[in-house]
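Chemist: Structure below; questions to follow.
We did not get these values from a lab; they are worked out from the coordinates using the rules stated. Keep in mind it's a predicted model, so treat the numbers as computed, not measured. Glycine also receives a Cβ, built like all others from the backbone with ideal geometry; neighbour counts cover every protein chain displayed.
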Amino acid sequence: MLKYLLQKEFLQIRRNAFLPRLIFLFPIVMMCVIPWVMNQEVKNIRVCVVDNDRSVRSQQLVHRIEASRYFIFTGQQPTYADALHTIETSEADIALVIPPDYSKGHGQVLIAANAVNGTKGSIGSGYLSQIVGAGPPATPPAPSATPSTAHLSTRNVSSAAILSQPSTLTLYNPHQDYKVFMIPALFAILTMLMCGFLPTLNIVGEKEAGTIEQMNVTPVPKWAFILAKLIPYWLIALFIITACLVLSWAVYGITCQGPLGLVYLLAMLLALFFSSLGLVISNYSDTMQQAIFVMWFFVVCLMLLSGLFTPTRSMPDWAYLTTYVNPMHYFIDAIRTVFVRGGGFEAIAHQVLALALIGLTMATWAVASYRKNS
């Protein structure tokens, strides 16, 4: 019985002129485009300078800003009011005011940033503060009449400089490539969209077409009917993950550091949840429009509260409590552990258990909520 129900589902997908193209092209377009544009590294920050010192040292600072790949130097302004006007008219994002006694080591440099975009304002100010704090290039010590004294002075200065510099060791992503951070997140987004929205439109589409009544008068058990609706989307999830892994290697040269079997296991558990959620919504909906809007509500909430873009620990305590029942949070945490850090099953056992429990609960609800009138 299940065999023929599955055959029916695959025939419906194949005879649809749009779905096969969507299933094939959507992962390819997402993987080839999104990692390039979904980047939180702030660049091309427009900065103007008010140089009230007009010394060699202040000009060195201006040249260092011009040479930075993060800034676009828009020129110098005569006064702070003029620089502020350029920010108000969106001609500049940050204004740097150099005090008159800058070359003598007195006064403070003012950084005025447009914080309407808080991320761009804070990170841009941080970049500029690092350039200002670096100071001018170090000059060698003046020669001394006593060679041993000069050698001692140079040695002490270099030792102090070395001790004052922190040593940074970047783990798992040494080049800090944002694509390494985003590609595992795209696995979650693609699985969520394809295995969430397509099942949502399945049963409700049959309701609008009137074919669901033919199924309701058959002796097909509810569990077999729902399982036949779920299995095709699990296979679609396997295809999506395979395509993402191949494109990640072929286009970006990024490969999974951990066992590939765990990646597929996590994808199947996430697909179980979203396909079941889609069928639950479809069971309770009467029209496609209603089903789409309800599914969109859950997708946006689950995605934004999962830690996909921002750390969950940055959320308020009441919002952080939602991560305990958010399968996207468990998947994101686990897939980055496996894909980026190379963790094994022991490292993600908690996330796997949570995904399995949430997915099975939703699948049980999908079977129980289907109203079959025999």
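Chemist: Applying 1/(1 + (r/R0)^6) with R0 = 35 Å to the Cβ-Cβ distance of W365 and T170, what FRET efficiency is obtained, to the nearest 0.05?
Modeler: Working from the Cβ atoms, E equals 0.20.
Chemist: Taking the DSSP beta bridges in the chain as the whole, what percent of them are antiparallel, to the nearest 5?
Modeler: Roughly 30 percent of the beta bridges in the chain run antiparallel, per DSSP.
Chemist: Which trypsin sites (Lys or Arg not before Pro) in the range 1-106 pass both tests, a DSSP loop state and at most 10 other beta-carbon atoms within 10 Å?
Modeler: R69
Chemist: On to the next question. Taking only Cα atoms, what is the 0 to 90° angle, nearest 10, from helix 260-284's long axis to the longest principal axis of the chain?
Modeler: Helix 260-284 sits roughly 60 degrees off the main axis of the chain.
Chemist: For the chain, evaluate the Debye formula with one uniform point scatterer on each Cα (no solvent term) and list log10 I(q)/I(0) at q = 0.10, 0.13 Å⁻¹, rounded to two decimals.
Modeler: Relative scattering, expressed as log10 I(q)/I(0), comes to -0.80, -1.07.
Chemist: Run through the range 1-100 and list the GluC sites (Glu not before Pro) located in a DSSP loop whose Cβ has at most 14 other Cβ atoms within 10 Å.
Modeler: E41, E91
Chemist: The range 84-132 to the range 298-313: how many Å between their Cα centroids?
Modeler: So the two Cα centres are separated by 32 Å.
Chemist: Here's another thing I want to ask about it. Separation of the range 231-280 and the range 1-70 by C-alpha centroid, Å?
Modeler: For the range 231-280 versus the range 1-70, the Cα centre distance is 20 Å.
Chemist: Over all directions, how big on average is the projection of the convex hull of the alpha-carbon atoms in the range 45-137, in square nanometres?
Modeler: 5.3
Chemist: Could you state the angle between the C-alpha long axis of helix 288-304 and the longest principal axis of the C-alpha atoms of the chain, as a value from 0 to 90 degrees rounded to the nearest 10?
Modeler: Orientation of helix 288-304: about 40 degrees from the principal axis.
Chemist: State the answer as a single residue: which of T89, N52, L128 lies farthest towards the positive end of the charge dipole of the range 45-137, with beta carbon charges of +1 for Lys and Arg and -1 for Asp and Glu, about the Cα centre.
Modeler: Of T89, N52, L128, it is L128.
Chemist: Kindly provide the helix-only [θ] at 222 nm of the chain, computed as the sum of -39,500 (n - 2.57) over DSSP H runs of four or more divided by all residues, to the nearest 500 deg cm²/dmol?
Modeler: Computed ellipticity for the chain at 222 nm equals -21500 deg cm²/dmol.
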